[in-house]
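Colleague: Take a look at the following structure, please.
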């Protein structure tokens, strides 16, 4: 099997990079798989991961048969992100192995575990939706504002004045620090 190794460390935890790659390389040797791609990302899990994106592109091009990570939290930004990317890999016919959790999607047991992860991710999304709805309902009941703050509409008079001076929409937006769409909306209501 053609395997891709993915290792990620945060900027303050870089000493585990060697540990991760060593454990994955040893695992691949035991399985008889060949490393065709090594990817390392350094940075927070919430930010962009160019290495992971390049690995996903390689999987889409069928350049790898399996992705190996040291731990699930090294791969997924969140549970929903983890489920979405694992589903994409599965749909592509690319296996996924997480060493620490002993999750191997190349086996029937591993695929069943991935299904349970999907159930928990959906549950998490539903709980979050319910909390948001409850918060909005409570804010309305108490008469508190909710949603995005009204910033552009507070500048409607300035927008109309600048338009009367024949200033372009883009320039109005730049001067007032609002979006061009907001400028157009104010002028249309105008």
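Colleague: Can you name the residue in the range 41-53 that is surrounded by 15 or more Cβ atoms within 10 Å (Cβ to Cβ) and at pLDDT 85 or above and, of all such residues, is nearest to the chain's Cα centre (by Cα)? I'd like the intermediate steps shown before the answer.
Modeller: So in the range 41-53, the residues surrounded by 15 or more Cβ atoms within 10 Å (Cβ to Cβ) come out as 41, 45, 49, 51-52.
Filter again for at pLDDT 85 or above, leaving 51-52.
Values: 51: 13, 52: 11 Å.
Looking at the filtered set, the residue picked out is 52.
Colleague: So, one more: Would it be correct to say that residue 69 is assigned by TED's automatic domain parsing to the domain that holds residue 21, crowded, with 17+ Cβ neighbours inside 10 Å, within 30 Å of residue 35 (Cα to Cα) and out of contact with any helix residue (DSSP H, G or I) (no Cβ under 7 Å at 6 or more places or on another chain)? Working first, answer last.
Modeller: Working: assigned by TED's automatic domain parsing to the domain that holds residue 21: yes; crowded, with 17+ Cβ neighbours inside 10 Å: yes; within 30 Å of residue 35 (Cα to Cα): yes; out of contact with any helix residue (DSSP H, G or I) (no Cβ under 7 Å at 6 or more places or on another chain): no.
Considered against the rule, which asks whether it is assigned by TED's automatic domain parsing to the domain that holds residue 21, crowded, with 17+ Cβ neighbours inside 10 Å, within 30 Å of residue 35 (Cα to Cα) and out of contact with any helix residue (DSSP H, G or I) (no Cβ under 7 Å at 6 or more places or on another chain), residue 69 comes out as no.
Colleague: Being in contact with a strand residue (DSSP E or B) (Cβ under 6 Å, 6 or more places away or on another chain), surrounded by 16 or more Cβ atoms within 10 Å (Cβ to Cβ) and in contact (Cβ under 8 Å) with a residue 60 or more places away in the chain, is that true of even one residue in the range 57-65?
Modeller: Scanning the range 57-65 turns up at least one residue that is in contact with a strand residue (DSSP E or B) (Cβ under 6 Å, 6 or more places away or on another chain), surrounded by 16 or more Cβ atoms within 10 Å (Cβ to Cβ) and in contact (Cβ under 8 Å) with a residue 60 or more places away in the chain.
Colleague: All but one of (1) under 30 Å from residue 30 (Cβ atoms); (2) buried (at least 16 other Cβ atoms within 10 Å of the Cβ) hold for residue 102, so report the exception by its number.
Modeller: (2)
Colleague: Next question, about the same structure. For residue 160, indicate whether it is farther than 30 Å from residue 24 by Cα, in a helix (DSSP H, G or I) and free of Cβ contacts under 8 Å to residues at least 12 places away in the same chain.
Modeller: On the way: farther than 30 Å from residue 24 by Cα: yes; in a helix (DSSP H, G or I): yes; free of Cβ contacts under 8 Å to residues at least 12 places away in the same chain: no.
No: the conditions fail for residue 160.
Colleague: Quick check: is even one residue across the range 163-170 in contact with a helix residue (DSSP H, G or I) (Cβ under 8 Å, 6 or more places away or on another chain), surrounded by 15 or more Cβ atoms within 10 Å (Cβ to Cβ), in contact (Cβ under 8 Å) with a residue 24 or more places away in the chain and more than 26 Å from residue 68 (Cα to Cα)? Before the answer, list the steps.
Modeller: Quick first cut of the range 163-170, residues in contact with a helix residue (DSSP H, G or I) (Cβ under 8 Å, 6 or more places away or on another chain) only: 163, 167, 169-170.
With the extra rule that they be surrounded by 15 or more Cβ atoms within 10 Å (Cβ to Cβ), the set shrinks to 163, 167, 169.
Keeping just the survivors that are in contact (Cβ under 8 Å) with a residue 24 or more places away in the chain gives 163.
With the extra rule that they be more than 26 Å from residue 68 (Cα to Cα), the set shrinks to 163.
The answer is yes, given that some residue of the range 163-170 is in contact with a helix residue (DSSP H, G or I) (Cβ under 8 Å, 6 or more places away or on another chain), surrounded by 15 or more Cβ atoms within 10 Å (Cβ to Cβ), in contact (Cβ under 8 Å) with a residue 24 or more places away in the chain and more than 26 Å from residue 68 (Cα to Cα).
The values are calculated or read from the model by the stated rules, or taken from the named source; none is laboratory data. This is a predicted model, so every value here is computed, not measured. For neighbour counting, all protein chains shown are included, and Cβ atoms are generated from backbone atoms with ideal geometry for every residue, glycine included.
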